[in-house]
Amino acid sequence: MPTFSTVKQLVTGAGCFEQLGQLARGLGRRALVVTGKHAMKEAGVTDRACNLLKAAGAEHVLFEQIGGEPTAAQVDAGRKMCAETECDMVVGIGGGSAMDAAKAIAALVRSDAPTAEYVQGRKADADRVLPCICAPTTSGTGAEVTPNAVISHPASTVKVSVRGRGVLPTAALVDPDLTITCPPGVTAASGMDALTHAIEAYVSIHATPVTDALSFHAARLLLRNLPAAYADGHDRAAREACSYASTLAGIALANARLGVIHGIAHPLGIRYHVPHGVCCGVLLPASIRLNHAAAVEKYRWLSHVAGDDIEKAVERMLDAMNVGRTLREYNIPERDFAAITKESMPSGSLKANPKKVTEEDVFQILRQVAG
C-alpha cells in the first residue's frame, strides 16, 4: 500500500528563518552549521544564522567547505568535525548542495564506515542519526524535504545518493526572503529543476491523490510565477510562490519518485558540468512528447493551468529565462549520445516513468534536443 512521509516539522512563510534559534534549541545544544563557501557569507545569511542560534542559547560550529556538489570526502570531513566538536545537531543552509551535505553528515556522523560506502549503496542507520534542520536559499531542489543526499564520488560515473529514512531532515524552514538575492541564472535553473520535479512526480506511476495535489499545485505555481521571479528577484509574491512550489514538489517526489528526465540529466551533469536544472529544462519538452500518450489527462490539466499546450508553455518559459533549448548550446556532442544513453538506463528514476523507457527512447530524446 502507498505510504506518505515528510519532515516532522515544516515552518514556512516570509520571515520564518527568525525561528531558527528556537527550533534548534529544542533539538540540541550545539549545531554544526553547514553552508557554501562564499554566497551565504556575502549575503549575510551565515552571520544571521549564527546570531539567531546564539540568541537562543545554542552553540554552533561552522562548516563552510561546500562548493558545488558535495563530495564523499567533504562529507567525511564534516562528520569528523561534527564528532570532534561534540555537535548534537546539524543545520544546512543554502542550495541543494549545502543541504545534501548537512543531511549526509547528520545521517552518518555516528556510523563507522566511510561516506563512499553509503554512496555505493550501503544504507544509513535511521536510528543513529542526529537531528537536522534545513533552510533553502534557492527554489529548486526541494532537498529540505527529501530522504536522500546527492553526493559525488570519483569512483562513480553517475550521480548517486545516500538514501534512507535517516537522511530525511527533522525540520525545514522555508523562508522566501532567503531567495531574494538568488541571481537570475540560478533562479532559472533551480526553478526548472522544481518544475521538472513537479511534472515528473505528477505523471509518475507511483503518484497518489495526495502527491497529485502537491505536485499539481507546485507546477501551477511555477508555471505562473517562475518567469516573474527571474525577471525581478525582488518580486516577493513570485519568490514566495516559487519557494512553496519547490517544497511541495520536493515532498511529492520524495513519495512518488521521478522519471526519465532525471535519469538522463544526471550523466549529463557529471560529464559536462551543466547545471542540473538546466539539463532538466532542456529535456522537459521532449519527455512530455515521449510520455504524453501514457498520461494524457494529466498533461491536459497541466496545459489548462499553463494557459497553453504544456510543451509549448515550457519552451516559452525557457526562452523567457534565456535557457538554451539544445544540447549543442552546452557543447554536448552527438557522438556521446550512445554513451549517455547507456549511463542513463540504470537510473531508478526511469522505473517510475509513466511509459516504460527503452534505450531507444533515451537516445531519441537526446536526438530531439541535440540542436
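Does the stretch 321-338 hold any residues that are surrounded by fewer than 16 Cβ atoms within 10 Å (Cβ to Cβ), assigned to a helix (DSSP H, G or I) and in contact (Cβ under 8 Å) with a residue 12 or more places away in the chain, and which are they?
Residues satisfying the conditions are Arg328, Glu329, Glu334, Ala338.
Looking at (1) assigned to a loop (DSSP other than H, G, I, E, B); (2) surrounded by 24 or more Cβ atoms within 10 Å (Cβ to Cβ), which is the only condition Ile205 fails?
Result: Ile205 fails condition (2) only.
Which ones in the stretch 261-287 are out of contact with any helix residue (DSSP H, G or I) (no Cβ under 7 Å at 6 or more places or on another chain) and outside any helix (DSSP H, G or I)?
The answer is His273, and nothing else.
With Ile133, Ile199 as the choices, which residue is surrounded by 24 or more Cβ atoms within 10 Å (Cβ to Cβ) and either assigned to a strand (DSSP E or B) or in the same structural domain as Ala24 (by TED's automatic domain parsing) (or both)?
Values: Ile199 fails: either assigned to a strand (DSSP E or B) or in the same structural domain as Ala24 (by TED's automatic domain parsing) (or both).
Of the residues listed, the single one that is surrounded by 24 or more Cβ atoms within 10 Å (Cβ to Cβ) and either assigned to a strand (DSSP E or B) or in the same structural domain as Ala24 (by TED's automatic domain parsing) (or both) is Ile133.
With the requirement that a residue be in contact with an Asp or Glu (Cβ under 8 Å, 6 or more places away or on another chain) and aliphatic (A, V, I, L, M), what does the stretch 283-324 give you?
Ile288, Leu290
Do we have Glu64 as in a strand (DSSP E or B), touching a residue at least 24 places away in the same chain (Cβ under 8 Å) and charged (D, E, K, R) here? Even if it seems obvious, please write down each step before you answer.
Numbers: in a strand (DSSP E or B): yes; touching a residue at least 24 places away in the same chain (Cβ under 8 Å): yes; charged (D, E, K, R): yes.
In short, yes.
Just one of Leu178, Leu223, Leu268, Leu214 is free of Cβ contacts under 8 Å to residues at least 40 places away in the same chain and over 14 Å from the mean Cα position of the chain (by Cα); which is it? Let's see the steps before the verdict.
Working: Leu178 fails: free of Cβ contacts under 8 Å to residues at least 40 places away in the same chain; Leu223 fails: free of Cβ contacts under 8 Å to residues at least 40 places away in the same chain; Leu268 fails: free of Cβ contacts under 8 Å to residues at least 40 places away in the same chain.
Unique residue meeting the criteria: Leu214.
So in the stretch 94-107, with the set limited to residues that are in contact with a Cys (Cβ under 8 Å, 6 or more places away or on another chain) and not small (Gly, Ala, Ser), which one is nearest to Ala135 (Cα to Cα)?
Met99
So which residues in the stretch 28-61 are surrounded by fewer than 19 Cβ atoms within 10 Å (Cβ to Cβ), part of a strand (DSSP E or B) and of a type in the set (A, V, I, L, M, F, W, C), if there are any at all?
Result: Val61, single match.
Output the residues belonging to the stretch 263-300 that are of a type in the set (D, E, K, R) and either closer than 18 Å to Ala352 by Cα or surrounded by 21 or more Cβ atoms within 10 Å (Cβ to Cβ) (or both).
Filtering the stretch 263-300 down to residues of a type in the set (D, E, K, R) leaves 271, 289, 297-298, 300.
The answer is Arg289, Glu297, Lys298.
Please specify each residue of the stretch 89-121 satisfying the condition of being touching a strand residue (DSSP E or B) at 6+ places or on another chain (Cβ under 9 Å) and surrounded by fewer than 17 Cβ atoms within 10 Å (Cβ to Cβ).
Within the stretch 89-121, Gln120, Gly121 meet the criteria.
Being part of a loop (DSSP other than H, G, I, E, B) and either aromatic (Phe, Trp, Tyr) or surrounded by 24 or more Cβ atoms within 10 Å (Cβ to Cβ) (or both) narrows it down to one of Leu258, Leu214, so name that one. If you could, list the steps in order and put the result at the bottom.
Details: Leu214 fails: part of a loop (DSSP other than H, G, I, E, B).
Within the list Leu258, Leu214, the selection yields Leu258.
Sort through Ala107, Ala102 and tell me the only one that's at pLDDT below 95, assigned to a helix (DSSP H, G or I), under 24 Å from the mean Cα position of the chain (by Cα) and of a type in the set (A, V, I, L, M).
On the way: Ala102 fails: at pLDDT below 95.
Going through Ala107, Ala102 in turn, the sole match is Ala107.
Which numbered condition in (1) outside any loop (DSSP other than H, G, I, E, B); (2) in contact (Cβ under 8 Å) with a residue 12 or more places away in the chain is the only one that Glu297 fails?
(2)
Does Ser243 qualify as being closer than 26 Å to Leu173 by Cβ and touching a strand residue (DSSP E or B) at 6+ places or on another chain (Cβ under 7 Å)?
On the way: closer than 26 Å to Leu173 by Cβ: yes; touching a strand residue (DSSP E or B) at 6+ places or on another chain (Cβ under 7 Å): yes.
It is true that Ser243 is closer than 26 Å to Leu173 by Cβ and touching a strand residue (DSSP E or B) at 6+ places or on another chain (Cβ under 7 Å).
Please indicate, with yes or no, whether at least one residue in the stretch 225-242 is outside the structural domain of Thr115 (by TED's automatic domain parsing), among the aliphatic types (A, V, I, L, M), at pLDDT 95 or above and not in a helix (DSSP H, G or I). Quick ask: steps written out before the conclusion?
To start, the set of residues in the stretch 225-242 that are outside the structural domain of Thr115 (by TED's automatic domain parsing) comprises 225-242.
Cutting the leftovers down to among the aliphatic types (A, V, I, L, M) gives us 226, 228-229, 231, 237-238, 241.
From the residues that got through so far, the ones that are at pLDDT 95 or above too are 226, 228-229, 231, 237-238, 241.
Imposing the further condition that a residue be not in a helix (DSSP H, G or I) reduces the set to none.
The answer is no; no qualifying residue exists.
Can you tell which of Leu53, Leu20, Leu62 is of a type in the set (A, V, I, L, M, F, W, C), closer than 27 Å to Ala194 by Cβ and in contact with a helix residue (DSSP H, G or I) (Cβ under 8 Å, 6 or more places away or on another chain)?
Working: Leu53 fails: closer than 27 Å to Ala194 by Cβ; Leu62 fails: closer than 27 Å to Ala194 by Cβ.
The unique qualifying residue is Leu20.
Being at pLDDT 95 or above, assigned to a helix (DSSP H, G or I) and of a type in the set (S, T, N, Q) is the filter here, so list the residues in the stretch 342-367 that pass it.
Within the stretch 342-367, Gln364 is the sole residue that qualifies.
The values are calculated or read from the model by the stated rules, or taken from the named source; none is laboratory data. Source: prediction; values computed, not measured. Virtual Cβ from ideal backbone geometry, glycine too; neighbours counted across all protein chains shown.
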